[in-house]
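Below you'll find the structure, written out as structure tokens, and then a few comments.
The values are calculated or read from the model by the stated rules, or taken from the named source; none is laboratory data. Just so we're clear, the structure is a prediction, and the values are computed from it rather than from any experiment. Here the Cβ is made from the backbone with ideal geometry for all residues, glycine too, and neighbour counts use every protein chain on show. The protein model used for the area step is the full one, side chains on, heavy atoms only, and it has no ligands, DNA or RNA in it. Shrake-Rupley method; radii C 1.70, N 1.55, O 1.52, S 1.80 Å.
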Amino acid sequence: MIFFMHECEEVLGYTFKDKVLLRACFTHSSYAHEHGGEKNNERLEFFGDSILGFVTAEYLMAKYPDLDEGRLTAYKQQLVSREPLSRAIEKSGLDQFLMYGEGEKKNSKENHQSANENLYEAIVAGIYIDGGIEEVKKFVKRTLFSKININSSLLILHLKITIYYSLNIIPYFSIFLTHRNITIFRTKKTRFL
């Protein structure tokens, strides 16, 4: 498969000094397995997950200086979940550069959604290794925070939590975040202050 580096970098909005690293970001493990053990993006995905968590936490701390840790955590989990990361990859068109093995190409769109999430994290790690944290912040701001997936999904979550707090209710609930919506399940009886 031909990997179009220059076109990919144009879409990324970042030019890699290390082109081998760029290619590794876009190499799915199925492709690497079918092509003699070429480097794949799994380790980059692992590293990128932590970097993305840091960048997102820093962003949320600055954007919402009065929110408590619980709300910030819920916001962060919503932002760095599969749906927004996969959507950012798809909207930007970066998914067209992901190199799959022949078998993986036949898998469902949901499987590719997971691969797109992993690609986003691998790109974050690749940019960090190649250009540093400031370049990562630019990429994440442009692709994830500027689209503000947070405004709609997090507003709903924020309103639900705020209502509980304003009514002096301590809800016993767990929050289940899906790629489509937020569902709150009661796990115990609600207690009033």
Conditions (1) of a type in the set (A, V, I, L, M, F, W, C); (2) in a loop (DSSP other than H, G, I, E, B); (3) closer than 18 Å to K137 by Cβ: number failed by L44: (2)
Residues being under 20 Å from L67 (Cβ atoms), open to solvent by less than 90 Å² (accessible area, probe 1.4 Å) and either among the small types (G, A, S) or at pLDDT 60 or above (or both) - total across the stretch 138-158: 5
Exclusive hit being modelled with pLDDT under 95, of a type in the set (S, T, Y) and under 14 Å from the mean Cα position of the chain (by Cα), set Y31, Y100, Y75: Y75
Residue within the stretch 85-94 that is touching a strand residue (DSSP E or B) at 6+ places or on another chain (Cβ under 8 Å) and outside any helix (DSSP H, G or I) present: no
F54 being hydrophobic (A, V, I, L, M, F, W, C), at pLDDT 90 or above and surrounded by fewer than 20 Cβ atoms within 10 Å (Cβ to Cβ): yes
Among (1) modelled with pLDDT of 90 or more; (2) small (G, A, S); (3) under 14 Å from the mean Cα position of the chain (by Cα), the one test that G132 misses: (3)
Residue check, A125 in a helix (DSSP H, G or I), open to solvent by less than 50 Å² (accessible area, probe 1.4 Å), closer than 25 Å to F16 by Cβ and modelled with pLDDT of 95 or more: yes
Of residues in the stretch 14-37 being in contact with a helix residue (DSSP H, G or I) (Cβ under 8 Å, 6 or more places away or on another chain) and open to solvent by 50 Å² or more (accessible area, probe 1.4 Å), the one farthest from G126 (Cα to Cα): E34
Residue in the stretch 100-114 that is in contact with a Gly (Cβ under 9 Å, 6 or more places away or on another chain) and of a type outside the set (S, T, N, Q) present: no
Residue in the stretch 108-122 that is least open to solvent (accessible area, probe 1.4 Å), counting only those that are free of Cβ contacts under 8 Å to residues at least 60 places away in the same chain and closer than 15 Å to P84 by Cβ: N116
